[in-house]
Amino acid sequence: MKRNAITIIGAGLVGALLATLLAQRGFAVDVFERRPDPRKAGFIGGRSINLALAERGWHGLRVAGLQERIGAIAVMMRGRMVHHLDGHTELLRYGRDDSEVIWSVNRGTLNMALLDAAEAAGATVHFGSPLHAVDWEKSTLQIVDGGSFTSHPFTTLIGADGAGSALRATMTSMIDLGEHFAPLDHGYKELEIPSHGGAFAMEPNALHIWPRGNYMCIALPNAEGSFTVTLFLPNQGNPSFATVVTADDAQTLFARDFADALALIPDLRSDFANNPTGMLGTLYLDRWHLDSRALLIGDAAHAIVPFHGQGMNCGFEDAVELAEVMERDDDIAAVFAEFERRRKPNADAIAAMALENYVEMRDSVADAHFLLMRTLERTLAARHPGRFVPRYWMVTFSRLPYSVAYERGEIQTKILRELTQGKQSIEQIDLQHADKLIQQQLAPLA
């Protein structure tokens, strides 16, 4: 039996997963997507950062029945392979062993798999159908159809149409969402390390990172043997996207700062010249919904910077929680309010942690004091299992609320800084004093 009719704006990762989950639960689901069907027209690349699937994302895929299919296209990453300026590398593991890893997956391939799943579950996806306007009084959508507009009735709208959400823009005519966008003063450019006859040019099971202080380059593996490379630079200063403008500038920058990567990017000049420069920032809203008529989820409600690899994972967690709440309660206005109450503190927490992680990735991973803190963190986690739990583990390998990970992480970082102040090695640290601080300040995790 079909439940309420749900109209989703956006058939990206979060929209397609939500469509699948709701259709599986008996909802009549229509999805309107502005782009053409990527399974027919091809996925439009050139400005995408590879995705890092962690436990929260895998959980959403498991609930949708997609773990096996996506597992076949995901590449394990054990940790950060740090490429130092002098050319030597070192692997900083994410977890204790290969049971605690993250997975690189190509955005286009994943999106197409999710679209297949949504349609198989019974959702109807309308491609090439951008939202133009909403008549809130008549409960109709105006969709661009070729050179004209078509009208579609709706009962309940859910906006999963990204940071530049068209639905969010129309909602502001009805209610003040308290929207604030905080741009990061850095941008990014996508490049590629191609496969070598189907083989990887570097260690495949790692997230490669070239930290250079105020800027960096990263590379994530793809299943067919290539790496998606992302160059992150400030918008101003030297070097920046204001000074690295041409293909010649990019060639000079890489020869100086990323020499071992340069040898692996044969199309650096054309990639740099042809791929657009992406913008980064954090979207904050005070309110995500308009009574029972509309709700925003994923990046449409809380876009974040990509430096914790949690944007998609957080969006998938949104989709799972919303589907579960909608299945239990027919009062859509109450469902939307409850969903916002649950998810907003967690969205705010991961937004803050993602910004902090950028500083760690571009600078701290090459810093001796940071590495000492990480060594001590592992030591204390082994001494106090279930009480001193690394924040990265809570975010990446568990489904603890982001807000819990953030709050406990702040306490733990303060303890680590106090214990490592003025120290050069783990042998100099008073572990008995550390034990007392942990017992006093951290309750065991439930």
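Brief remarks on what is shown
- Odd one out for residue 357, checked against (1) buried (at least 20 other Cβ atoms within 10 Å of the Cβ); (2) modelled with pLDDT of 95 or more: (2)
- Checking 400, 419, 376 one by one, the residue that is open to solvent by 20 Å² or more (accessible area, probe 1.4 Å) and either over 21 Å from residue 284 (Cα atoms) or among the aliphatic types (A, V, I, L, M) (or both) is 400 and no other.
- Subset tally (residues that are more than 28 Å from the chain's Cα centre (by Cα) and free of Cβ contacts under 8 Å to residues at least 24 places away in the same chain) for the stretch 239-276: 8
- A search for C-beta distances below 9 Å between a residue of the stretch 419-433 that is farther than 14 Å from residue 368 by Cβ and any residue that is among the basic types (Lys, Arg) and open to solvent by 90 Å² or more (accessible area, probe 1.4 Å), counting only pairs 6+ apart in sequence or on different chains, returns 431/383.
- The residue that is farthest from the chain's Cα centre (by Cα), counting only those in the stretch 290-306 that are open to solvent by less than 10 Å² (accessible area, probe 1.4 Å) and among the small types (Gly, Ala, Ser), is 294.
- Among the residues of the stretch 403-446, those identified as in a helix (DSSP H, G or I), farther than 24 Å from residue 367 by Cα and either modelled with pLDDT under 95 or among the acidic types (Asp, Glu) (or both) are 407, 435.
- Which listed residue is at pLDDT 95 or above, in contact with a Phe, Trp or Tyr (Cβ under 9 Å, 6 or more places away or on another chain), of a type outside the set (Lys, Arg) and open to solvent by 10 Å² or more (accessible area, probe 1.4 Å), from 246, 252: 246
- All conditions but one from (1) closer than 30 Å to residue 102 by Cα; (2) in contact with a helix residue (DSSP H, G or I) (Cβ under 8 Å, 6 or more places away or on another chain); (3) small (Gly, Ala, Ser); (4) not in a helix (DSSP H, G or I) apply to residue 182; the one that does not is (2).
- All conditions in (1) assigned to a loop (DSSP other than H, G, I, E, B); (2) in contact (Cβ under 8 Å) with a residue 60 or more places away in the chain; (3) open to solvent by less than 30 Å² (accessible area, probe 1.4 Å) hold for residue 317, with the sole exception of (1).
- Tally, over the stretch 138-150, of residues that are of a type in the set (Ser, Thr, Tyr), surrounded by 12 or more Cβ atoms within 10 Å (Cβ to Cβ) and in a strand (DSSP E or B): 2
- Count of the stretch 152-172 residues which are loosely packed, with under 14 Cβ neighbours inside 10 Å and free of Cβ contacts under 8 Å to residues at least 12 places away in the same chain: 2
- Count of residues meeting criterion [assigned to a loop (DSSP other than H, G, I, E, B), under 14 Å from residue 104 (Cβ atoms) and either in contact with an Asp or Glu (Cβ under 8 Å, 6 or more places away or on another chain) or at pLDDT 95 or above (or both)] in the stretch 196-222: 6
- Flag for residue 249 being charged (D, E, K, R) and within 30 Å of residue 335 (Cα to Cα): no
- Extreme residue, most open to solvent (accessible area, probe 1.4 Å), among residues of the stretch 379-397 that are over 18 Å from residue 79 (Cα atoms) and part of a loop (DSSP other than H, G, I, E, B): 385
Yes/no matrix, rows are residues, columns are (1) more than 30 Å from residue 211 (Cα to Cα); (2) modelled with pLDDT of 95 or more:
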{"residue": "72", "(1), (2)": "yes, no"}
{"residue": "100", "(1), (2)": "no, no"}
{"residue": "117", "(1), (2)": "yes, yes"}
{"residue": "129", "(1), (2)": "yes, yes"}
{"residue": "148", "(1), (2)": "yes, no"}
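- Selection status of residue 90, closer than 29 Å to residue 231 by Cβ and touching a His at 6+ places or on another chain (Cβ under 9 Å): yes
- Within the stretch 176-207, considering residues that are open to solvent by 80 Å² or more (accessible area, probe 1.4 Å), farther than 19 Å from residue 268 by Cα and among the charged types (D, E, K, R), the one farthest from the chain's Cα centre (by Cα): 176
- Taking (1) in contact with a helix residue (DSSP H, G or I) (Cβ under 9 Å, 6 or more places away or on another chain); (2) over 16 Å from residue 210 (Cα atoms) in turn, residue 385 satisfies each apart from (1).
The values are calculated or read from the model by the stated rules, or taken from the named source; none is laboratory data. As the structure is a prediction and not an experimental result, all values here were calculated from the model. As a convention, Cβ positions derive from the backbone with ideal geometry for all residues, glycine included, and neighbour counts pool all protein chains shown. Areas reflect the complete protein model, heavy atoms only, side chains present, ligands, DNA and RNA absent. Shrake-Rupley method; radii C 1.70, N 1.55, O 1.52, S 1.80 Å.
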